[in-house]
1. Give me a count of the residues in the stretch B:79-107 that are crowded, with 17+ Cβ neighbours inside 10 Å and more than 7 Å from every other protein chain (Cβ to nearest Cβ).
2. What number goes with the only condition from (1) touching a residue at least 24 places away in the same chain (Cβ under 8 Å); (2) buried (at least 17 other Cβ atoms within 10 Å of the Cβ) that A:ALA116 does not pass?
3. Is there any pair linking a residue in the stretch B:238-251 that is over 9 Å from B:VAL268 (Cβ atoms) to one that is surrounded by 16 or more Cβ atoms within 10 Å (Cβ to Cβ) and among the small types (Gly, Ala, Ser), with Cβ under 7 Å and at least six apart or on different chains, and which?
4. Counting just the residues of the stretch B:59-78 that are at positive phi and not aliphatic (A, V, I, L, M), which one comes out surrounded by the most Cβ atoms within 10 Å (Cβ to Cβ)?
5. Which of the following residues is touching a Lys or Arg at 6+ places or on another chain (Cβ under 8 Å) and either more than 13 Å from chain A (Cβ to nearest Cβ) or at pLDDT 95 or above (or both): B:LEU157, B:LEU114, B:LEU118?
6. Residues that are crowded, with 18+ Cβ neighbours inside 10 Å and assigned to a strand (DSSP E or B): does the stretch B:212-224 have at least one?
7. So which residues in the stretch A:38-90 are within 23 Å of A:GLY184 (Cβ to Cβ) and among the β-branched types (Val, Ile, Thr), if there are any at all?
8. Tally time: how many residues in the stretch A:89-117 are among the polar types (S, T, N, Q), within 11 Å of chain B (Cβ to nearest Cβ) and assigned to a helix (DSSP H, G or I)?
Amino acid sequence: MSVMTATPPAAIRRSALLRLTISELKLLLRERIRIFFGIGFPLILLIIFGSIPSFNRPSTTFGGYTTLDIYIPVLIAFSLALLSLTALPMALAGYRERGVLRRLQTTPAGATRVLAAQLLVNLAMATASVIVILAVARIGYHVFLPRQLGGFIVAALLTAAALMAVGLLIAALAPSGRVAQITGALLFYPMMFFAGLWLPLASMPSGLRHFSHATPLGAAVQALQDASAGHWPHPLQLVTLAAYAVVLGLAAARLFRWE
Amino acid sequence: MPAVIDVQQLHKRYRDTVAVEDVSFTVEPGEIFGILGPNGTGKTTTVECIEGLRTPDGGQIRVLGLDPRRDRAELTQRLGVQLQDSQLPDRLQVGEALELYSSFYRNPADWRALMELLGLEDKRKTRFGKLSGGQQQRLSIALALVGSPQVAVLDELTTGLDPQARRDTWDLIEGVRARGVTIVLVTHFMEEAERLCDRVALIDAGRVVVVDTPAGLAERAEAGQRIQFRPSVPFDDGLLTDLPDVTDVIHRGDVVVVTGNDNALNAVTSVLARHQIVARQLRVEQASLEDAFIALTGKHADAGQLYTADNSTGRN
């Protein structure tokens, strides 16, 4: 009937993604708990760490850097992991459970677009979180901004990609939003251990450190710490992150169930 | 004019369960076509194949001349869908949902007018999660219509609505049809089918039993009366089945259900009295489309369970 309509389909699809992203962003902003988890929680940890006097003294263990310097990349990884491993899969599996995805499947927008919108919103939130952490650390606790900014941005983006791929895989496999949330939380703590949350990477025995570097968060923190200190991250860590993003992302795409 | 929907020998199984055995029917332009049957007989699976949500294992489906799987992009523009229990995000407001969904279509309806038509204008800023069941249902109907579809498929339209809301919804659907939209209505409410549908396909165990007008169906069934009671002492069914006015006698636990013509009640009570059997908790019902269904499918023995059981296979 409407072969003659003015709006070409491609434009409709673009505008559908844009509208869905705006809509998801609004929904996110209404969900204070997600904002708290993504931004508030890491910020509180930063303030606690920042208030410990010994954390602000340069340490020989860390090559003249303060403990706080070492912890900023860990907190950034913490924030990205919290968003990608718990909030993202919970939202997506919840959408599937409640038939939101199925409903969208019957419209020209399709359900893939709402996944894309979720990823974009998550990325926006992650970006906001990283900026807030860096800004508060700089202003409140005199931590230097990353000295190799380009390398830091590349490392942060690859970290976000790798973690979101893990989150997507959880969402693909979990039968419900609840299970997705629990799975994410169960993965979060061991992964954060290898990121050096409790024991900094630099203080780990070398065998453990090598193993850490093979995990997404271990590789992420090492790359972010290197960039913060002014070096370009080691290609091995960047490749590790990229490999997680690609392999797990593809697996999630293959295994994702719409209902 | 060609049929709006043409389903031929549709077959669909889930692993080793056959959901749809063999379903064929056509839906003509401008009609309200009912797909009627007990739960778990393949109604929803049939419409999900029409909507392109599922791939049939056999048979042919054309909707507006399109293949629901291959021509998905075009079909979604022209087919409005209301799904059985699918929801929106809890925090999405009514107005936002309508505006969002209208942005998906190339010729959207005026969503504000639609919101008013469905009596949701004072709920515009209300979040989906705070709506009542009836309001959620109305929003779901509005979303099915927001793309100005030529065909709307509505699955279990009034399930969960109170009687008043149900009647309001029926009026609304008649209004939608009056605007030239062809409607496919999936229901297990006989009353709904009687009230709304031009034609009805009775589906049972994955097959179309019959396609007819609601009146035609009731006529075919000639179901008459149904009499239920709990006899004080057991008796031989032959007492009743021998009566010319009685067509059928079945037992549900210790309840006896007798079907027959309009004289059956008289005949049954006199026979019982003669044998000094007291009919406790006696109930008499006029036949409805529901009885027509039972009569036409020949499923008496487990008819009671037909309307309550199922959903064992998840989606049906």
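The values are calculated or read from the model by the stated rules, or taken from the named source; none is laboratory data. Not measured: the values here are computed from a predicted model. Neighbour counts run over all protein chains shown; Cβ positions are idealised from the backbone, glycine included.
1. Summing the residues that are crowded, with 17+ Cβ neighbours inside 10 Å and more than 7 Å from every other protein chain (Cβ to nearest Cβ) in the stretch B:79-107 gives 11.
2. Going through the list (1) touching a residue at least 24 places away in the same chain (Cβ under 8 Å); (2) buried (at least 17 other Cβ atoms within 10 Å of the Cβ), A:ALA116 breaks only (2).
3. As it stands, the answer is B:THR247/B:GLY260, since those pairs meet every condition given.
4. Selected residue: B:GLY59.
5. Just a single option satisfies the conditions, and that option is B:LEU118.
6. Residues of the stretch B:212-224 crowded, with 18+ Cβ neighbours inside 10 Å: B:214, B:217-218, B:221, B:223-224.
After this cut, where a residue has to be assigned to a strand (DSSP E or B) as well, the list is none.
No.
7. Start the filter on the stretch A:38-90 by keeping residues that are within 23 Å of A:GLY184 (Cβ to Cβ), which leaves A:38-46, A:71, A:73-90.
If the condition is that a residue be within 23 Å of A:GLY184 (Cβ to Cβ) and among the β-branched types (Val, Ile, Thr), then A:ILE39, A:ILE44, A:VAL74, A:ILE76, A:THR86 are the ones that fit.
8. At the first step, the residues of the stretch A:89-117 found to be among the polar types (S, T, N, Q) are A:105-107, A:112.
Still in the list and also within 11 Å of chain B (Cβ to nearest Cβ): A:105-107.
In the following step, the residues that additionally are assigned to a helix (DSSP H, G or I) were identified as A:105.
Residues meeting the conditions: 1.
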